[in-house]
Amino acid sequence: MPTRPIACGIALRDEYIAPLLAMRDRTALDIVEVMVEDGFASTARVRDWQRIGARWPLISHGTELGPGDAEGVQRDYLAQVQQVLGTIGTQWHSDHLCFLRSDRDHVGLGSFGPLALDDHDLHVLKRNLAEVHATIRGHVLLENPADVLGFAGSDGAKLGRDYARALSAAGVGGLLDVTNLALNARNDGFDPLDFLQHIAWDRVIEVHLAGGRLAGGLWIDSHDHPVDEESWALLSVVVQRAPHLRAVIIERDDRLPPLETLLAEVDRARGVVGR
Amino acid sequence: MSLAQERQRALQRFVTDSAFETDVRADPLAAAAAYAVHPEITQTLAQISPARVLAFQRSQRHKDSVRAGKRPSRIAR
């Protein structure tokens, strides 16, 4: 069991800023996660985040790092991230274990490119994360992404071991998205518990929960539905096994419900983690 | 070019360039020679079903629309 209280909160979207700032009861959530790229071009938004941060601890998340990019990470991007993080002060920063740009001269993939996580990829991760740590001060976590291509295979145990090896090679903590795990397991026909049996539990710091949807016979991480029951069940497994788990975040990107609906999910997460 | 770099370029092209995807599916070894890609990579790509490529593209479009969105309130009531 975790030795410290586990904070439960939401991924912040613009639509929730005003309702959060208007809330008199600050006890309805424990932590807020901001999407760092949203702060690059909007000082007004960053000021809002600072106001939110005066009420709740902040953590940050991103989608454009591409830690597996064989071409290397983008230094100007890292500098922008650090500028935002330095302004708002976050407890840690996370992004996705993937590649985004295969060629500096061409447009990026636009979504999370799966990695084989063989020795070639681990070498790239180690090199890139050294650069990330040289720029971004504070802890960095990497998230297990959805892999709708099934590129990484369908052996749950191997996928769990590969995730553990990747975090170790990169020298980072883990953001375990249990919904991505559940969706990958459904698409690829493996048992998510096989994956969980082989990950590095002492590295897991944060959990993401979201809702996906079925499209064309495959599950995609659309983040436009409530957290599904399988993800809730997996959260209860994670809570029992991750001794350093610090936060559980409810994500929603589209078809946003009223804040109260998300807070009800936060309350359910609190029940699972025993807060 | 490293194997990781070559693999990423080929995967990116596979999901964004339909002519490349068609050639890889038709004959992975011939496509490897024609496009100067390691044959192990084209053989791996050929095993990815068209349905999964479509789902990846669909997921990508969804993410793009949400990112570009910052649409007026999308809060569902």
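The values are calculated or read from the model by the stated rules, or taken from the named source; none is laboratory data. Since the model is a prediction, treat every value here as computed from it, not as a measurement. Cβ atoms come from the backbone with ideal geometry, glycine included; neighbour counts cover every protein chain shown. Calculation scope for accessible area: heavy atoms of the full protein, side chains included, ligands and nucleic acids excluded. Shrake-Rupley method; radii C 1.70, N 1.55, O 1.52, S 1.80 Å.
So here's what we get for this one:
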| item | result |
| --- | --- |
| Matching option when the condition is more than 14 Å from every other protein chain (Cβ to nearest Cβ), surrounded by 22 or more Cβ atoms within 10 Å (Cβ to Cβ) and touching a residue at least 60 places away in the same chain (Cβ under 8 Å), among A:Leu181, A:Leu142 | A:Leu142 |
| First in the range A:156-178 and farther than 10 Å from A:Leu142 by Cβ, second anywhere and open to solvent by 20 Å² or more (accessible area, probe 1.4 Å) and of a type in the set (Asp, Glu), Cβ under 7 Å, 6 or more apart | A:Gly156/A:Asp191; A:Gly156/A:Asp194; A:Ala157/A:Asp194; A:Gly160/A:Asp194 |
| Filtered residue count, the range B:21-58, keeping only those that are within 13 Å of chain A (Cβ to nearest Cβ) and open to solvent by less than 60 Å² (accessible area, probe 1.4 Å) | 14 |
| Subset of the range A:190-249 [within 14 Å of chain B (Cβ to nearest Cβ) and touching a residue at least 24 places away in the same chain (Cβ under 8 Å)] | A:Ala210, A:Gly211, A:Gly212, A:Leu218, A:Trp219, A:Ile220, A:Asp221, A:Ser222, A:His223, A:Asp224, A:His225, A:Pro226 |
| Residues located in the range A:63-80, provided they are surrounded by fewer than 20 Cβ atoms within 10 Å (Cβ to Cβ), without any contact (Cβ under 8 Å) to a residue 60 or more places away in the chain and away from chain B (no Cβ under 12 Å) | A:Gln74, A:Asp76, A:Tyr77, A:Leu78, A:Ala79, A:Gln80 |
| Scope the range A:215-226; condition under 16 Å from the mean Cα position of the chain (by Cα), open to solvent by 10 Å² or more (accessible area, probe 1.4 Å) and not charged (D, E, K, R); matching residues | A:His223 |
| Some residue of the range A:197-207 being acidic (Asp, Glu) and open to solvent by less than 10 Å² (accessible area, probe 1.4 Å) | yes |
| Within the range A:48-62, tally of residues that are open to solvent by 10 Å² or more (accessible area, probe 1.4 Å) and within 14 Å of another protein chain (Cβ to nearest Cβ) | 1 |
| Residues satisfying the stated conditions in the range B:13-67, i.e. over 24 Å from A:Ser154 (Cα atoms), of a type in the set (Val, Ile, Thr) and not in a helix (DSSP H, G or I) | B:Val37 |
| Test: A:Val124 is more than 10 Å from chain B (Cβ to nearest Cβ), surrounded by 21 or more Cβ atoms within 10 Å (Cβ to Cβ) and part of a helix (DSSP H, G or I) | no |
| Total residues in the range A:36-62, condition in contact (Cβ under 8 Å) with a residue 60 or more places away in the chain and out of contact with any strand residue (DSSP E or B) (no Cβ under 8 Å at 6 or more places or on another chain) | 0 |
| Any strands (runs of 3 or more DSSP E) falling wholly within the range A:1-119 and containing at least 1 residues that are of a type in the set (A, V, I, L, M) | A:7-11, A:31-35, A:58-61 |
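Listed here are the residues, each with its yes/no results for (1) aromatic (Phe, Trp, Tyr); (2) at positive phi; (3) open to solvent by less than 30 Å² (accessible area, probe 1.4 Å); (4) modelled with pLDDT under 95.
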| site | (1), (2), (3), (4) |
| --- | --- |
| A:Gln82 | no, no, yes, no |
| A:Ile88 | no, no, yes, no |
| A:Gln91 | no, no, no, yes |
| A:Asp95 | no, no, yes, no |
| A:Gly113 | no, no, yes, yes |
